[in-house]
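Values quoted throughout were computed directly from the atomic coordinates according to the rules given, and no laboratory measurement underlies them. Fair warning: this is a prediction, and the values are worked out from it, not measured in the lab. Because the Cβ atoms are built from the backbone with ideal geometry, glycine has one as well, and the counts that use them run over all protein chains shown.
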Amino acid sequence: MLPTKQFCPPAQKFAQCILLAATFAISAPALSAEDSSAASQDSPLARLHDFTSRASELALQAIGMLGIHYKLGGNSPDAGLDCSGLVRYVFLQAWGKTLPRTSEEISRVGKQVEDQDLRPGDLVFYNTLKRGFSHVGIYLGDNKFIHSPSTGGQVRIESMDLIYWKNRFNGARRIDAPEPQ
């Protein structure tokens, strides 16, 4: 079971699916050059490989934060996390990458991604305070993202299909994974 304070059933099922996919990918042999070129970019195998090669560390690190309470300006799970604190913490722990402090500053890092091209690990931005890029989360796939919502809330997974989030979507950015060592 994941170390969380509280789950809603849909989030738990989604988190379990991600963990199952990551576990499968870790235990499965890597794709050879022939296999990966033969697999179409849209095939389930290619998508799973893309997920694991690009974002498994990010997704697993982020899912480990489920249930952490929101704290304005929060930078650590022990003290609480705000939205940009969550993103910064996850990227630092998973990739050793330091991102700027605020969601607006983070929105200038990486490259812009069209919403139809989102991949797990991409950052999604929202206008929640009547100003652009005032909220950020990490895209997990299947139109779901993880974020630290607001005062009184906890880190959770939500659907981007909810009207609230659809109406406030500002765009997405992709941060390049570090080079393998």
I need the phi-derived Karplus couplings for the range 60-75: 6.51 cos²θ - 1.76 cosθ + 1.60, θ = phi - 60°, integer Hz, Gly and Pro marked x.
5, 4, 5, 5, x, 8, 3, x, 5, 6, 6, 9, 4, x, x, 10
Taking the range 71-135, which GluC sites (Glu not before Pro) meet the DSSP loop condition and have no more than 14 other C-beta atoms within 10 Å?
Glu114
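Between the DSSP loop rule and a limit of at most 15 other Cβ atoms within 10 Å, which trypsin sites (Lys or Arg not before Pro) in the range 96-132 are left?
Details: sites: Lys97, Arg101, Arg108, Lys111, Lys130, Arg131; in loops: Lys97, Arg101, Arg108, Lys130, Arg131.
Here the trypsin sites (Lys or Arg not before Pro) that fit, given the DSSP loop and packing criteria, are Arg101, Arg108, Lys130, Arg131.
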Most packed first (mean Cβ within 10 Å per residue), the peptides 162-169, 149-156 order as 149-156, 162-169
Compute the distance in nm between two label points, each set 7 Å from the Cα along the Cα-to-Cβ direction, one at Glu105 and one at Asn143.
3.4 nm
